[in-house]
1. Pull out all pairs, ordered by first then second residue, where Cβ-Cβ is under 7 Å, the residues are six or more apart or on different chains, the first lies in region 357-369 and is under 12 Å from residue 309 (Cα atoms), and the second is among the polar types (S, T, N, Q).
2. With respect to residue 299, is the statement that it is surrounded by 22 or more Cβ atoms within 10 Å (Cβ to Cβ), closer than 18 Å to residue 115 by Cα and of a type in the set (S, T, N, Q) true?
3. Test of understanding: among 310, 291, which residue is surrounded by 17 or more Cβ atoms within 10 Å (Cβ to Cβ) and not in a helix (DSSP H, G or I)?
4. Please indicate, with yes or no, whether at least one residue in region 189-205 is surrounded by fewer than 18 Cβ atoms within 10 Å (Cβ to Cβ), out of contact with any Gly (no Cβ under 9 Å at 6 or more places or on another chain), polar (S, T, N, Q) and more than 21 Å from residue 127 (Cβ to Cβ).
5. Out of 104, 129, which single residue is over 24 Å from residue 353 (Cβ atoms) and within 20 Å of the chain's Cα centre (by Cα)?
6. Would you mind stating whether residue 351 is in a helix (DSSP H, G or I), modelled with pLDDT of 90 or more and either surrounded by fewer than 24 Cβ atoms within 10 Å (Cβ to Cβ) or aromatic (Phe, Trp, Tyr) (or both)?
7. Identify all residues within region 258-288 that are of a type in the set (Gly, Ala, Ser) and not in a loop (DSSP other than H, G, I, E, B); write none if there are none.
8. Any residue that is under 17 Å from residue 287 (Cα atoms), in contact with a helix residue (DSSP H, G or I) (Cβ under 7 Å, 6 or more places away or on another chain) and in a loop (DSSP other than H, G, I, E, B) - is there at least one of those in region 193-209?
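The values are calculated or read from the model by the stated rules, or taken from the named source; none is laboratory data. Not measured: the values here are computed from a predicted model. Cβ: placed from backbone, ideal geometry, glycine included. Neighbour counts: every protein chain shown.
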Amino acid sequence: MGEGTRHKDVVDEIRRGSSEWILKDSYGRSVHKKLLFIGVTLLFLVITAIVSVGIGSVSISFIDVTKSLGHAIFGSLVPLPDNQWYATIVYARSSRTVLCILCGIALAISGTVMQNLLRNPLVSPFTLGVSSAASFGAAMGIVFLPAIFGSAITDSIEIFGNDISLKSVLIVVCAFTCGLASIGIVLLLSRRPNVSRSTIILSGVIISYLFQAGISLAKYISDDDALREITLWLMGGMWNATWETDILLIPIVIICFILLECMSSNLNTLSAGDDIAKNLGVNVNRLRMRGLIISTMVTSACISFTGIIGFIGLMAPHLCRLVIGNDSRYLIPASALVGALILLLSDTVARIIISPSELPVGIIMYILGGVFFIWMVSRKNKVTSL
């Protein structure tokens with residue numbers, strides 16, 4: 001009897017060991033899959049960026065672009081290329097490509113975090129009124145700044161050694177301020193104890209409609225030139241791309257990305273439900289407030305320079321969840337890369353589809369986003385779950 005018991009204990013121990021080994025092996029394969037996806041996406045993004053720099057009214061070869069960028073980054077380690085396009089590649093086209101990447105990252109990580117915070121796959125910075133508020137700020141700036149500043153609006157200010165018109169700077173400030181104000185109003189409306197996620201989302205929708213009314217008013221009272229400028233800004237584009245713009249945005253995007261990635265473990269806990277997260281020591285209200293504010297800040301900073309670019313914050317997280325699941329530790333960087341890739345490809349198409357002219361990239365994104373969600377709702381499980 002004792003010998004049979006020992007035999008059973010040995011068998012149970014072997015089974016437990018086998019189960020643990022299977023779980024560890026399965027987890028290892030899952031992490032490997034996630035890292036592989038991130039690595040492959042990064043590689044595609046680098047290749048797409050180099051190709052994008054070479055595409056324009058005049059095409060430049062992949063080799064010339066690579067040599068020029070190599071010399072600009074690594075200096076004397078890469079010999080100065082013997083071609084006439086070096087200045088165009090480094091000082092003009094590269095800044096636009098970098099702005100595309102920064103905006104794609106910002107919109108994608110904001111959408112990912114907001115969806116996880118509110119556990120709703122259709123939430124994005126635009127659902128919560130950020131885009132409408134930034135649009136309202138820009139529209140009001142376009143209409144009223146000339147009346148407020150008079151002829152001084154045509155003056156220029158020096159930023160990083162380059163002259164930028166005062167009007168452009170003030171429009172960016174107006175858009176950025178209103179974008180931040182929108183989420184402040186949403187959080188103020190939802191400060192009551194035990195406020196639900198639905199209340200936050202509905203508050204954002206309400207704020208969005210109010211700012212849309214303001215945009216319509218700005219269009220109605222504007223003259224023909226201002227109306228054209230407002231309409232063009234609302235379409236979204238990379239016309240304001242300069243290295244000065246990129247230098248301003250790079251630290252904002254990097255810092256906000258790091259802060260949001262640091263929240264990833266708590267976001268994973270929150271996915272189990274508010275009550276479970278609270279029992280595990282997560283301050284849910286503070287987490288939501290910080291996540292929404294940081295997401296709004298990075299979104300407002302980018303769309304202040306580019307105008308309204310939709311669907312990145314919705315598409316990138318959905319595509320990544322289909323491949324690597326809901327683990328925010330990997331989902332945030334994966335979404336950032338996919339968002340940058342989508343926007344860069346869209347901007348490249350916008351530049352070549354009616355070359356030498358170009359379409360606003362916002363038009364391409366609306367078409368792409370519409371097709372994407374038609375595909376999503378036609379799938380059996382409708383939308384990816386959180």
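1. Close Cβ pairs (under 7 Å, with a partner that is among the polar types (S, T, N, Q)) amount to 361/346; 364/346; 365/346; 368/346.
2. Judged against the criteria, residue 299 is a match.
3. 310
4. yes
5. 129
6. Spelling it out, it is not the case that residue 351 is in a helix (DSSP H, G or I), modelled with pLDDT of 90 or more and either surrounded by fewer than 24 Cβ atoms within 10 Å (Cβ to Cβ) or aromatic (Phe, Trp, Tyr) (or both).
7. Correct list: 264, 265, 277.
8. No.
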